[in-house]
Amino acid sequence: MSPGSHLLASWLLANSVGLGRRERRVVALAGVVPDADGLGYLLDRYNAFVGVDSYFYFNYHHVTGHNLLASVMISVTACLFAAKRRVQVFILSLLVVHLHFLCDLAGSRGPDGYQWPIRYLYPFADGYEWTWSGQWELSAWQNALITLGLLGWAIAWSYQQRYSFVEVISQRLDREFFKIVARRWGAPS
């Protein structure tokens, strides 16, 4: 799934247990952080531009950020950024990171048919990988439908709560987003 879809799913989960704004943001971001291992794509593109071959994206995406050790490190870091309810933030962060893994396992196949396996026990046991023969492409209708469903759920929830998933980026943008939602459907009663 795309990072935006992971963000929506993580924010909705954090929101469902009544966390405060800071903790919601931390948990939502924890659900996206595993994809930081995909930043090698930018380095590969730059290297191609200057005439150097590199394969950082292919070699490290779904490896360094998509494993048990990374999930614990991300969750501990999230816990440290939380102002309160740290144990709950740790557990929820661990949950959203694993949700990220499962979503990628379901819908991250490349257009060339390559399945992005999850090397869950990396770096301890590099040979073990999670794969699923039914994995659909990243651009498949299933991912689009899931993302639209998450977006609809998040907007409906935002309408009732007067804050939205945009708070992860900026409080100010969140207030503007809510004004748009409220203008479209009116203020909640």
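The values are calculated or read from the model by the stated rules, or taken from the named source; none is laboratory data. These figures come from a predicted structure and were not determined experimentally. Here the Cβ is made from the backbone with ideal geometry for all residues, glycine too, and neighbour counts use every protein chain on show.
Values as computed for the structure displayed
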read-out	value
Condition met for Ala36 (of a type in the set (A, V, I, L, M, F, W, C), more than 13 Å from the chain's Cα centre (by Cα) and in a helix (DSSP H, G or I))	no
Matching residues, region 131-188, being within 25 Å of Pro117 (Cα to Cα) and polar (S, T, N, Q)	Thr131, Ser133, Gln135, Ser139, Gln142, Asn143, Thr147
Matching residues, region 166-185, being among the hydrophobic types (A, V, I, L, M, F, W, C) and either at pLDDT 90 or above or surrounded by fewer than 17 Cβ atoms within 10 Å (Cβ to Cβ) (or both)	Val168, Ile169, Leu173, Ile180, Ala182, Trp185
Count of residues meeting criterion [of a type in the set (Val, Ile, Thr), without any contact (Cβ under 8 Å) to a residue 60 or more places away in the chain and part of a helix (DSSP H, G or I)] in region 166-189	3
Breaking point among (1) in contact (Cβ under 8 Å) with a residue 40 or more places away in the chain; (2) of a type outside the set (Gly, Ala, Ser); (3) over 29 Å from Leu173 (Cβ atoms), for Arg85	(3)
Sole exception among (1) touching a Ser or Thr at 6+ places or on another chain (Cβ under 6 Å); (2) farther than 29 Å from His66 by Cβ for Trp116, by number	(2)
Tyr120 vs. criteria in contact with a helix residue (DSSP H, G or I) (Cβ under 8 Å, 6 or more places away or on another chain), on the phi < 0 side of the Ramachandran plot and of a type outside the set (Asp, Glu)	yes
Listing of helices (runs of 4 or more DSSP H) fully contained in region 62-165 that carry 2 or more residues being modelled with pLDDT of 90 or more, aliphatic (A, V, I, L, M) and buried (at least 20 other Cβ atoms within 10 Å of the Cβ)	68-81, 86-107
